[in-house]
Each structure stands twice: as structure tokens, then as C-alpha cells.
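Asker: Here it is, the structure, as C-alpha cells.
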Amino acid sequence: MFELAWPWAFLLLPLPWLIRQWLPPARGDEAALQISFMSELEQLSQRRALRPLPPWRRQMLPASLWLLLLLALARPEWVGSPLPLSASGRDLLLAVDVSGSMQHTDMRWQDQEVSRLSLVKALFSPFIESRVGDRVGLILFGSQAYLQAPLTFDRNTVSTWLEESLIGIAGGDTAIGDAIGLGIKRLRLRPAQARVMVLITDGANTAGQVMPMTAARLARDEGIRVYTIGIGSDASESPLLGMLGIQPGIDLDEPTLQQIAELTGGEYFRARNSQELEAIAQTLDQLEPVNQKANQVRPVQALYFIPLLLVLLGSLWLARPDNARLLLPRRWR
């Protein structure tokens, strides 16, 4: 179906006529020679003199070029038939703790000691990219919770933003309740069977305005499943840190994370090393997808280049002196 994206462009149609009315006519100071024996001169030279065109013919080509310019400005398009765009999957919102404790290097990945956040990036960036058909979003939380990426099918961008996240960017404390509350705000308008939130933290709620269990009850009422992941090694697995009196996993509030998952119909996972966290990502990846309402798209092919090409050809024709003289009034010949 043929459509014009900007049909209001034809409001400029009377612009040349208005300019002709408002501006004074051009004056020619050239002398003109009038002769009464033109036919005899034509016979002697064996060439015909240039005959003036009627006014309507002189104005036809410029008027046509102006109409073609307006047609190109109106952006003609050929719009095809609606095509279904499948959108099967879930709305999955990933909430990642970026507080100061996530910088502890008590995890190992590929035979190297890495921080907790680095391990989350290494395992969950591919997890995000593999969620074909899902809308994925990202929340970063510390003392406050921020929506880093809204729900989108652009999984590569969400994965990139996770990889670029920094320790302490949202504050040094941990606001688990605020992170869940922000997730509820973003998921509540989505289909009820498709609301999933994955919360990754290594501590307990020490900041924020919403208590974790209060946020969990709100998530339950909105039909949002919250899967919680507690990350961090135990003191027994880090003897050196234990000898120094540092127990990296002691601040993890496992009972609260378990209650949040049970209350919302999700599940709690404990990740003490890279193998456990990788297994958790695979478990989450096996969640059964839910069919959502399919969207429709209509292919659009731009056609503005066709009138522009005709304008170019007409302008090239007018660029020839002999052709241009045909459009001038007789007194200008």
C-alpha cells in the first residue's frame, strides 16, 4: 500500500506563487532588436528562429519539478502486509549487587583468582546473550538501586552494560529490598506468567527504604518469581582469609534470601565457587518459556529517491542553454 509519511509537505505547494506575488518582478536592461523581415532571414540562413512557447507550456516543467520535490519531501513509502513477529519467552530482570564486598577475590575462574563481580560477569554475560526470545533487563544495586538497562530484546547491549559495571557505582552498602522494589515496578505491567527476576548478592540488606520481605510480598502479589543467588566462599574454603580473621561469606543473609525465593515461587541458590555458579546459570536457562502475545511488523520500502531522480534529470535538461531559453518570456530571448 502506498503511503506518505509527511503529507503536510504539500502545504508548501503555493510557495512559488506567493513569492511571485510578494517579490517585485525582475527587470531586464538589455536592448532588444525588433525586425519585420524574420522570415527572409530564416530563408537565407536556412535555420528557424526560436519561437516563444505559450505561457502554460513555459510553466509546465518548473511546476512539475516543484511537485516532484514536494512529493520527495512527503516521503512516499510502500508499506507491505503485516507480518507476525514472535516474542515467545520471558521478561527476565537481572539484579546484580555491585557493593564494596563484591570486590573480594575469593573466587576462581580459569585457574585465576577473581572477584565475585568478575565471576558474575564472566558467567552471566553469556547467560544473557543466550536468552533468545526473552526480554532481558539489568538492575545494579548497592546503597541505591538503579535500572541500568530496561527490558529489551537487545541482549548484546545488556550483556555489555553488565561487563562495564563497576564496584561501588551504586554505593558501598546493600539495598536488597530497593532492588526488588525497582524490579516490581518494571515487571508489574508485563504478562503475569512471564515475570522473572534473578537477584545476585553476597551480603545482607544494610540500606534502602524497603525491607526485603516487604518487597518480596509485593512481588508475590504481582505474580513475580524471584530467584535469589548468594555468592561468596565459606571461611573453610579460604584458609588464608580465615587465618587473617576475614570470613567473606559471614555477611550473607541466607535465611532472608531463602524466604524471598520461597514466598515468590522462585528458588534460592548458593554459589561458593565458579562451578556452582555456572550450574546455577544452566538451571535458570532451563526454565520453560511462556508464549507472549506476538507483535506485528509491516515492511516499509522508501520511494523518495524516485521523484528526486526525476527532478535531477529535469534539472539537467534545463541546464542546456537552448532548452532554458524555451522557458523564458519573449522579452528575455
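Asker: Put MET213, MET102 in order of accessible area, largest first, 1.4 Å probe: what do you get?
Answerer: MET213, MET102
Asker: A further question follows. Given contacts defined as C-alpha pairs under 8 Å and at least six residues apart, what's the relative contact order of the stretch 61-209, whole-number percent?
Answerer: 29
Asker: Net charge near GLN258: determine it from the other residues with C-beta under 14 Å of the C-beta of GLN258, scoring Lys and Arg +1 and Asp and Glu -1.
Answerer: Overall, the nearby charge balance is -3.
Asker: Over the alpha carbons of the stretch 59-159, what is the largest minus smallest coordinate on each principal axis, giving the biggest first in Å?
Answerer: 83, 29, 28
Asker: Right, something else. Tally Lys and Arg at +1 and Asp and Glu at -1 over the other residues with C-beta under 13 Å from the C-beta of ILE167: what net charge comes out?
Answerer: Within the 13 Å Cβ shell, the charges total -2.
Asker: In nm, what is the difference between 0.36 nm times the number of residues separating ARG217 and GLU3 and their Cα-Cα distance?
Answerer: My answer for the length gained is 72.0 nm.
Asker: Could you give me D for the stretch 157-223, from Stokes-Einstein at 4 °C and 1.567 mPa s, where the hydrodynamic radius is the Kirkwood radius over C-alpha pairs? Units µm² s⁻¹, please.
Answerer: After rounding, the answer is 98 µm²/s.
Asker: Roll a 1.4 Å probe over the protein chains and send me the accessible area per residue for the stretch 85-170 in Å².
Answerer: Accessible area per residue: 41 Å².
Asker: Right, something else. Counting Lys +1, Arg +1, Asp -1, Glu -1, what net charge surrounds LEU303 among other residues with beta carbon under 13 Å of its beta carbon?
Answerer: -1
Asker: Going from most exposed to least, what order do PHE305, PHE124 have by accessible area with a 1.4 Å probe?
Answerer: So, going from the largest accessible area down, we get PHE305, PHE124.
Asker: May I ask you to evaluate 6.51 cos²θ - 1.76 cosθ + 1.60, the Karplus curve with θ = phi - 60°, for each residue of the stretch 131-143 and list the ³J(HN,Hα) values in order in whole Hz, giving x for glycine and proline?
Answerer: 7, 5, x, 9, 7, 10, x, 9, 10, 10, 9, x, 5
The values are calculated or read from the model by the stated rules, or taken from the named source; none is laboratory data. Source: prediction; values computed, not measured. Glycine also receives a Cβ, built like all others from the backbone with ideal geometry; neighbour counts cover every protein chain displayed. Ligands, DNA and RNA are excluded from the accessible area calculation, which covers all protein heavy atoms including side chains. Shrake-Rupley method; radii C 1.70, N 1.55, O 1.52, S 1.80 Å.
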